[in-house]
Amino acid sequence: MNNSIYRFPLPTNEPILSYLAGSNERKALFAEIERLKGLQHEVPCIIGGKEYFTGNTTDILMPHDHQNPLGKYHNVGEKELDLAVEAAMKAHREWSEMPYTVRAAILNKVADLISGKYRALMSAATMLGQSKNIFQSEIDAVCETIDFLRFNAHFASKVYEFQPFSGPGMMNSMEYRALEGFVFTVSPFNFTAIASNLNNSPVLMGNVTIWKPASTAILSNYYLMKIFQEAGVPDGVINFIPGKGSMIGRRIMKDTNLAGVHFTGSNNTFNTLWKQVGENLSSYKSYPRLVGETGGKDFIFVHPSADAQEVAVAAVRGSFEYQGQKCSAASRMYVPKSLWPKVKDLMLAMLAEIKMGDVMDPQNFVNAVIDKPAFDTIMEYINYAKASTEATIVAGGNGDSSVGYFIEPTIIETTNPKFKTMEEEIFGPVLSVWVYADNQLEEAIHLCDTTSPYALTGAVFGRDRAAVEKLTKQLRYAAGNFYINDKPTGAVVGQQPFGGSRASGTNDKAGGELNLIRWASARTIKETFNTPVDYRYGYML
Ligand code: NAD
């Protein structure tokens, strides 16, 4: 038996490759894109390590070229859902008893495979299936995915290390057991890294998962599943079940062995899952752990002392990269009247240069939004603003879905700080701006704090350090990830643990001990060396 005490040291973040013209990584990536485009994929369900082709299929589309499917995926059926629960529970015992160093070694191997052999594959699949450009794909499907895997191993060492002290004559310890059952992992379309981490963190802590990937991220998620398998994740530890969310949710959420839900996505879906837990509470073996990261209405608050150029760059990058489909994307901005003309002109100049189109052209800063329902919803918000007397479209405002789901980066200036687009999550390339009078600062801060139900990310800009300090205090609960003089997107694993509160989720900070601890159920063990043999206490004698 291996009795070494091994601690995974703090890793460094995966370097972001530059993909400059003529570079080897760029050649490899483009070759991989062409290869994937030439395949007609048949993506199965993978349950207990076995592939299931149910025959009930849905096309896998490219959002920027929706007439040329990349193949199909097979939707899970009721029968396969039963098999998934069975396979997960069968794998539970051995996996949960496996030394965590072995589990972490397997997951570190996943990271190494993505860093090397499958770097181009993971990026290409994410670019094609989720319409990310080279850079957006590299920071997500490659770097963040790897970082979650490697940093979690390190943070798990710290979780396991946390032990109670022992008084004289005894030894106390805590055993971090896996949850008694399976974890239902439900992932969103917008980050391959999140899909990976929703599984990787419970699995590292000895749990087994039933994974429902987003229907619009099937290609990258399928290859990720294959890499988990190749790295040595045993059959049944992760079960991949593409299909219709509501049908899958109904069956899985009522299972007596449901021990946890690890979710990222919209509020509506998380609320549904939470209610289902309530409805089925009496049938569970244990209270399921509910960890969910949900929507955002992320802000940039500009103090009159801010630098206009810095604000404009942060607003353009923070609002329009990946078409504004990051949960952290800036979608409302509060700007003082004294700065707005300059910030606006600078942003308009940048937007005039920005190109939109297919992911294959590296010149395109903006690509397509994920699917038709997203396109329609975003355009509805833009058209609502166009029709309103309280709003002006300062930039963009047009969409075209004939080839791909393209929407121009759009800036809405509104005279109403509670305008619908200042309050509701749009999840597209739309930034709403409210311009406040410089002497209305306090009111503007209050509005920023109270206008939306969310509290995910937020940024403040200002050169006056005392004013920034005051803003940081006043907006204390407005964001779980708070930025000073930086855009509110781009959290890096290990550096800015991620998650928001209020309606933005349970704030269990993905990529750190706070998240990992949710997937462990501690057993406290006390061993006494001098076991009493007389029931009477001394004072009684
Ligand atoms: P979504 O809620 O539509 O889908 C998320 C997942 O839930 C998908 O796999 C979907 O198929 C599944 N699903 C839907 N209904 C279900 C049901 N009844 N039962 C079980 N599963 C069901 O979200 P999305 O469109 O994929 O992602 C966008 C949302 O995710 C935005 O609101 C965004 O803010 C949020 N998001 C949040 C974070 C964060 O860290 N806070 C990160 C990324 C995305």
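The values are calculated or read from the model by the stated rules, or taken from the named source; none is laboratory data. Nothing here was measured: the structure is a model prediction, and the numbers come from that model. No Cβ is skipped: glycine too gets one built from the backbone with ideal geometry, and neighbour counts run over all protein chains shown. Surface accessibility is based on the protein's heavy atoms, side chains included, excluding ligands, DNA and RNA. Shrake-Rupley method; radii C 1.70, N 1.55, O 1.52, S 1.80 Å.
Placing pseudo-labels 7 Å out from each Cα toward the beta carbon at L541 and N56 gives an inter-label distance of 7.3 nm.
The value of relative contact order for segment 483-541, using C-alpha pairs under 8 Å at least six residues apart, is 17 percent.
Short-range pairs are left out: with C-alpha atoms under 8 Å and at least six residues apart, the relative contact order of segment 371-524 is 14 percent. Neighbours of G243 by Cβ distance under 9 Å: Lys/Arg scored +1, Asp/Glu scored -1, total +1. Computed over the chain, the per-residue total of -39500 (n - 2.57) for DSSP H runs of n ≥ 4 gives a 222 nm mean residue ellipticity of -11500 deg cm²/dmol, rounded to 500.
Got a number for carbon plus sulfur as a percent of segment 298-484's accessible area, 1.4 Å probe? C and S atoms contribute 51 percent here.
For the peptides 367-376, 205-214, 150-159, 28-37, the ranking by packing is 205-214, 150-159, 367-376, 28-37, with the highest mean count of neighbouring Cβ atoms within 10 Å listed first.
Positive-end ranking of A31, G538, V43 along the dipole of the chain, with charges on Cβ about the Cα centre, is headed by G538. The apolar share of the surface of segment 167-237, taken as the fraction of accessible area on carbon and sulfur atoms (1.4 Å probe, ligands and nucleic acids excluded), comes to 56 percent. Taking the Cα centre of the chain as reference, the dipole from Cβ charges on Lys and Arg (+1) and Asp and Glu (-1) amounts to some 940 debye.
Scanning residues 5 or more positions from K72 or on other chains, those with amide H under 5 Å from its amide H are H41, E42, V43, I60, with H placed 1.01 Å from N in the peptide plane. With unit charges on the beta carbon (Lys/Arg positive, Asp/Glu negative), name the residue among M350, T457, S338 whose Cα is farthest towards the positive pole of the charge dipole of the chain. Of the options given, the answer is T457.
Excluding same-chain neighbours fewer than eight residues apart, the lysines reachable from K254 by a Cα-Cα span under 19 Å are K79, K90, K212, K244, K275, K285. Accessible area per residue for the chain is 42 Å², calculated with a 1.4 Å probe on protein heavy atoms, without ligands, DNA or RNA.
Calculated on the alpha-carbon coordinates, the convex hull of the chain measures out at 187 cubic angstrom per residue.
The order of the peptides 103-114, 426-437, 12-23 by mean Cβ neighbours within 10 Å, most packed first, is 426-437, 103-114, 12-23. Overall, the ratio between the Cα radius of gyration of segment 298-484 and 2.2 N^0.38 Å, rounded to two decimals, is 0.98. Straight-line cross-link partners of K337 among the lysines, defined as a Cα under 27 Å from its Cα and at least 8 positions apart when in the same chain: K297, K386, K418, K420, K470, K473, K487. The alpha carbon centroids of segment 316-334 and segment 105-162 are separated by 23 Å. The Cβ shell under 10 Å around E321 holds other residues with a net charge of +4, Lys and Arg each +1, Asp and Glu each -1. Other residues whose C-beta falls under 11 angstrom from the C-beta of D307 contribute a net charge of +1, scoring Lys and Arg +1 and Asp and Glu -1. In this structure the amide hydrogen of T185, modeled in the peptide plane, comes within under 5 Å of the amide hydrogens of I210, W211, K212, H262, none closer than 5 places in sequence on its chain.
Summarising the strand pairing of the chain, around 40 percent of its internal DSSP beta bridges are antiparallel. Dipole size of segment 298-484 about its Cα centre, with +1 on Lys/Arg Cβ and -1 on Asp/Glu Cβ: approximately 420 debye, rounded to the nearest 20. Span-like helix check, the chain: qualifying full DSSP H segments, with Cα axial length of 24 Å or more and mean Kyte-Doolittle of -0.5 or more, are 145-161. For the pair segment 440-457 / segment 252-271, the C-alpha centres are spaced 30 Å from each other. Our summary gives segment 147-250 a relative contact order of 24 percent, counting only alpha carbon pairs under 8 angstrom and 6 or more residues apart.
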